[in-house]
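The values are calculated or read from the model by the stated rules, or taken from the named source; none is laboratory data. None of the values given here were measured: they were computed from a predicted structure. Cβ: placed from backbone, ideal geometry, glycine included. Neighbour counts: every protein chain shown. We work out accessible area using only protein heavy atoms, side chains counted, and drop any ligands, DNA or RNA first. Shrake-Rupley method; radii C 1.70, N 1.55, O 1.52, S 1.80 Å.
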Amino acid sequence: MAYAHIATPERCYADFCLIPVGTGSVSVAEEVAEVQKLLQASGLVYTMHSAGTTVEGSWDEVMKVIGQAHTVVHAKGVVRVQSSMRVGTRTDKKQTAKDKVKRVEDILAASSS
C-alpha cells in the first residue's frame, strides 16, 4: 500500500480544548475569544461549550483552523500552547454534532412520555 497517497476522511468533527501554558493567569477568556473570532471567520460550523469547542467540516479544514487557533494564541504573546482533542469521523452517513445531540434528546423525550 502506498501510504503517502491515503486520503484524509471527507468530513469530521473535532472537540478541542486549547490550553495556553505559562501565562501567569488562571483565566483563558481572552485567548478563547480570539479563537472564537477565528472560528466565526472560518465559515465552519462550530459550537463553544464550557470546556472547549466542537468544530465540523472537512478533515483538512478542521485541522487547519485548529492550527490557526494555535497561531492566534501565540500572536497574543503566549509562547506555549497545548491542545486536547477528540476527533470523530463516519463513513456510513452524514451526521452533525447537532444531529447527535438531537438523537439523544429524542430518546429522552420518548422515555419521559
Residues other than T23 with Cβ under 14 Å of its Cβ, Lys/Arg counted +1 and Asp/Glu -1, net out at -1
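Please report the relative contact order for the chain, taking Cα pairs under 8 Å with a sequence separation of at least 6, and give it as a percent rounded to a whole number. Can you show the working numbers first?
Numbers: 125 pairs, mean separation 44.8, N = 113.
Here the relative contact order equals 40 percent.
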Run the helix sum for the chain: -39,500 (n - 2.57) per DSSP H stretch of 4+ residues, divided by residue count, reported at 222 nm to the nearest 500 deg cm²/dmol. -13500 deg cm²/dmol
Label-point gap, in nm, between Q68 and V101 - each point 7 angstrom along Cα→Cβ: 2.3
Which residues in segment 1-18 have a backbone N closer than 17 Å to a point placed 7 Å from the Cα of K94 along the Cα-to-Cβ line? 9-14
Helix 97-111 versus the longest principal axis of the chain: what angle, 0 to 90°, nearest 10, using Cα atoms? 50
Counting lysine pairs in the chain that sit 8 or more positions apart or on different chains, with Cα atoms under 18 Å apart, gives 4
Roughly to the nearest percent, how much of the accessible area of the chain is carbon and sulfur, given a 1.4 Å probe? 55
Post the alpha-carbon centroid distance, segment 20-57 to segment 67-81, in whole angstrom. 11
Accessible area (Å², per residue) of segment 1-48, counting only protein heavy atoms and a probe of 1.4 Å: 70
For segment 1-77, radius of gyration divided by Kirkwood radius, i.e. Rg to Rh on alpha-carbons: 1.05
